[in-house]
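> Got a structure here, written out as structure tokens. Questions coming.
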Amino acid sequence: MKYILYPSKDSDEICKYVVSRYNQKIISFEGNKNATHYSIFDKNISVYDWLSAIINSSIIITDSFHCAAFALVFNKKFICLKNNHAQVRFTSLFKKLGINIKIVEKVSDIDINKENYDINKVNAKLEKIRETAVNKIWQIMKENVKIKTHQNIIKQKLIIMFLKGILSKICSIQKIRKNNTKRKILNILGIKIKLPQKKCKV
């Protein structure tokens with residue numbers, strides 16, 4: 001499989017060399033030669049076609065970080081071409097996985113003895129990364145639920161306080177005591193309503 005975002009004369013020579021060496025048909029996914037920040041591909045090619053090409057290839061030639069990442073996920077042999085736009089992403093990924101994959105610029109950089117990498121080591125590292133990622137996502141989800149719960153409680157309290165504030169302005173209860181009786185007078189917008197009286201305890 002050939003998946004090159006920024007094709008050049010050197011990348012063409014590398015592809016020709018690899019094709020002649022493996023003596024197999026090449027499946028090519030061409031990047032947009034005129035773009036520097038994105039790639040345009042045939043609309044008839046789906047993501048499934050792209051992934052299928054990675055899975056079924058004997059070797060992959062790419063300058064794409066994502067293609068290299070999928071090659072590692074599927075334990076495929078690949079040649080990593082230099083990408084001036086994102087080279088640090090390759091080096092940081094390889095370092096994270098504990099492998100040393102050479103970044104190739106020209107045919108003479110290809111080392112036949114170093115095309116393979118420790119698949120078991122990569123799979124073990126990827127498993128730990130997946131576990132860490134899932135745990136972080138789960139933790140964030142739980143924290144988010146707590147935050148939303150607290151926000152709902154705060155909202156409810158604020159609404160109650162707001163309603164109490166309004167009610168205190170439009171109505172009030174006045175307590176009066178006369179002789180041995182207690183009475184409450186409800187005042188709603190200036191209208192006074194006498195509530196049932198109670199006898200005071202002696």
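The values are calculated or read from the model by the stated rules, or taken from the named source; none is laboratory data. Nothing here was measured: the structure is a model prediction, and the numbers come from that model. Note that each Cβ is placed from the backbone with ideal geometry, even for glycine, and that neighbours are counted across all protein chains shown. SASA here: full protein model, heavy atoms, side chains in, ligands and nucleic acids out. Shrake-Rupley method; radii C 1.70, N 1.55, O 1.52, S 1.80 Å.
> Equivalent-ellipsoid semi-axes (√(5λ), Cα gyration tensor) for the stretch 89-141, whole Å, largest first?
The three semi-axes for the stretch 89-141 are 31, 12, 6 Å.
> Next question, about the same structure. Given LYS102/LYS136; LYS121/LYS142; LYS16/LYS82; LYS95/LYS125, which pairs have Cα atoms separated by over 20 Å?
Values: LYS102/LYS136 32 Å; LYS121/LYS142 32 Å; LYS16/LYS82 17 Å; LYS95/LYS125 11 Å.
With Cα atoms farther than 20 Å apart: LYS102/LYS136; LYS121/LYS142.
> Here's something else I'd like to know. I'd like the accessible area for ILE27, computed on protein heavy atoms only with a 1.4 Å probe and all protein chains in place. Round to 10 Å², please.
Probe radius 1.4 Å; accessible area of ILE27 about 80 Å².
> Oh, and also: Check ILE27: other-chain or 5+ apart residues with amide H under 5 Å from its amide H, H built from backbone geometry?
Counting only residues 5 or more places away or on other chains, the set is LYS2.
> Sorting SER20, SER46 by accessible area (1.4 Å probe), largest first, what list results?
Result, largest first: SER20, SER46.
> Quick check: with the 1.4 Å probe, what order do VAL122, VAL47, VAL107 take by accessible area, largest first?
Correct descending sequence by accessible area is VAL47, VAL107, VAL122.
> Ok, one more. For the stretch 47-128, run through the chymotrypsin sites (Phe, Trp or Tyr not before Pro) and keep only the ones in DSSP coil with at most 16 other Cβ atoms within 10 Å of their Cβ. Walk me through the numbers before you get to the answer.
Numbers: sites: TYR48, TRP50, PHE65, PHE70, PHE74, PHE78, PHE90, PHE94, TYR117; in loops: PHE74, TYR117.
When the chymotrypsin sites (Phe, Trp or Tyr not before Pro) of the stretch 47-128 are filtered for loop state and at most 16 Cβ neighbours within 10 Å, PHE74 remain.
> Let me ask something else. Rounded to the nearest 0.05, what FRET efficiency do ILE140 and ILE110 give with R0 = 35 Å and r taken as the Cβ-Cβ distance? Could you check?
0.25
> To the nearest 0.05, how large is the calculated FRET efficiency for LYS102 and SER28 if R₀ is 22 Å and r is the Cβ-Cβ distance?
0.45
> Which shape class, rounded, prolate or oblate, goes with the stretch 71-112 when its Cα gyration tensor gives a ≥ b ≥ c as root eigenvalues, a/c under 1.5 marks rounded, and past that a/b bigger than b/c marks prolate?
It is oblate, given that a/c is not under 1.5 and a/b is not larger than b/c.
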